[in-house]
Amino acid sequence: MKRKLLTLLTAGALALSLAACASTPKPTESAAPNAKQTDVVVFSAASMTESLTEIAALYKEVDPSVNLVFSFASSGDLKTQIQEGAECDLFISAGQKQMNQLDAAVAPVVDENGNATYEDEGLDFVDSSTRLNLLENKVILCVNESNPAGIQTFDDLAAHLRAGDILFAMGNSDVPVGQYTQKIFAYYGLNEEELAASGVITYGTNVKEVTTQIAEATVDCGVIYCTDAFSSGLTPVDFATAEMCGQVIYPAAVLKNAPHADKAKAFLEYLQGPEAAAVFEAVGFTMVTE
């Protein structure tokens, strides 16, 4: 009798268990773990570090499946990495020269002597249909906090460089901020080689290094971008005019061999929208609308 009762109880428990399993809903797609993340690699000028880092957090709300992987460096270094085969989806340069060098659709500008204004390297990395001018920055003169030489303008800078009584920081010739500074030297008729030989110039491999030299007062002054002054708490003493060095335009483009071109295009479109614009403008950038 006991054995029969035990058999009945066991059978009943098994029936209840099967019924419970049958009533449990199958996992739905929404209950599944997070979708696989897609790494979208963005090569960007060092002067965009703070703004793009902030924008990346905002973009997570737009497309949670995208993991933005940034590489911040001088535009010249980034161009070289792309040329040498580094994986990159989107390139944002601090100057047209580096973008032009990667864009086969852009012909070199040649003067009357047959000299190209930028190197024509026969490279074909840029998807020209995606290329656009994204931002404008300003080239500025900044001094260290004590400013013993009393420099207030680019005119003052030129006079002190001629006198050889200050130490001045600028970017290397292969980075945009250095190239803009060279144009300012040409505007004032200053000879960079002679000044460097006399020991009044120090160099940085990107704009962040130049900014650090000014902020740490290892130099009297230097030429950087408005955005870098803002992020470092430095106050500009003068702004370079377009006549001095031209406009500082940041072009952006998706690359032809981008592993995730569609998602890179979507992010580039977002960078032109109001949320990204608010971040860019807060640090001193101006959106290019033309």
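The values are calculated or read from the model by the stated rules, or taken from the named source; none is laboratory data. Predicted, not measured: the structure shown is a model, and the values here were computed from it. Glycine also receives a Cβ, built like all others from the backbone with ideal geometry; neighbour counts cover every protein chain displayed. When the accessible area is computed, the model is the full protein with side chains, heavy atoms only, and any ligands, DNA or RNA have been set aside. Shrake-Rupley method; radii C 1.70, N 1.55, O 1.52, S 1.80 Å.
Within segment 219-234, the set of residues being modelled with pLDDT of 90 or more and either open to solvent by 40 Å² or more (accessible area, probe 1.4 Å) or closer than 17 Å to MET48 by Cα (or both) comprises VAL223, ILE224, TYR225, CYS226, THR227, ASP228, ALA229, PHE230, SER232, GLY233, LEU234. Residues of segment 277-290 that are touching a strand residue (DSSP E or B) at 6+ places or on another chain (Cβ under 9 Å) and either open to solvent by less than 60 Å² (accessible area, probe 1.4 Å) or closer than 15 Å to SER129 by Cβ (or both): ALA277, PHE280, GLY284, PHE285, MET287, VAL288. Criterion first (more than 15 Å from the chain's Cα centre (by Cα), open to solvent by less than 50 Å² (accessible area, probe 1.4 Å) and touching a residue at least 12 places away in the same chain (Cβ under 8 Å)) does LEU268 satisfy it? So LEU268 fails the test.
Residue-by-condition table, conditions (1) at pLDDT 95 or above; (2) of a type outside the set (S, T, N, Q); (3) more than 18 Å from ALA261 (Cβ to Cβ); (4) open to solvent by less than 30 Å² (accessible area, probe 1.4 Å):
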residue: ASP39; (1), (2), (3), (4): yes, yes, no, no
residue: ILE55; (1), (2), (3), (4): yes, yes, yes, yes
residue: TYR59; (1), (2), (3), (4): yes, yes, no, yes
residue: VAL62; (1), (2), (3), (4): yes, yes, no, no
residue: SER65; (1), (2), (3), (4): yes, no, no, yes
residue: PHE72; (1), (2), (3), (4): yes, yes, yes, no
residue: GLN81; (1), (2), (3), (4): yes, no, yes, no
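If you go through segment 47-73 and pick out every residue that is in contact with a Ser or Thr (Cβ under 7 Å, 6 or more places away or on another chain) and more than 23 Å from VAL177 (Cα to Cα), you end up with 3. The set of residues in segment 238-265 being surrounded by 15 or more Cβ atoms within 10 Å (Cβ to Cβ) and in a helix (DSSP H, G or I) consists of MET244, CYS245, ALA261, LYS263, ALA264, LYS265.
Only a single criterion out of (1) assigned to a helix (DSSP H, G or I); (2) more than 19 Å from THR286 (Cα to Cα); (3) modelled with pLDDT of 95 or more; (4) open to solvent by 30 Å² or more (accessible area, probe 1.4 Å) is not satisfied by ILE214, namely (4).
Put simply, of VAL139, VAL143, VAL175 the only residue that is touching a residue at least 24 places away in the same chain (Cβ under 8 Å), farther than 17 Å from PHE239 by Cα and buried (at least 16 other Cβ atoms within 10 Å of the Cβ) is VAL175.
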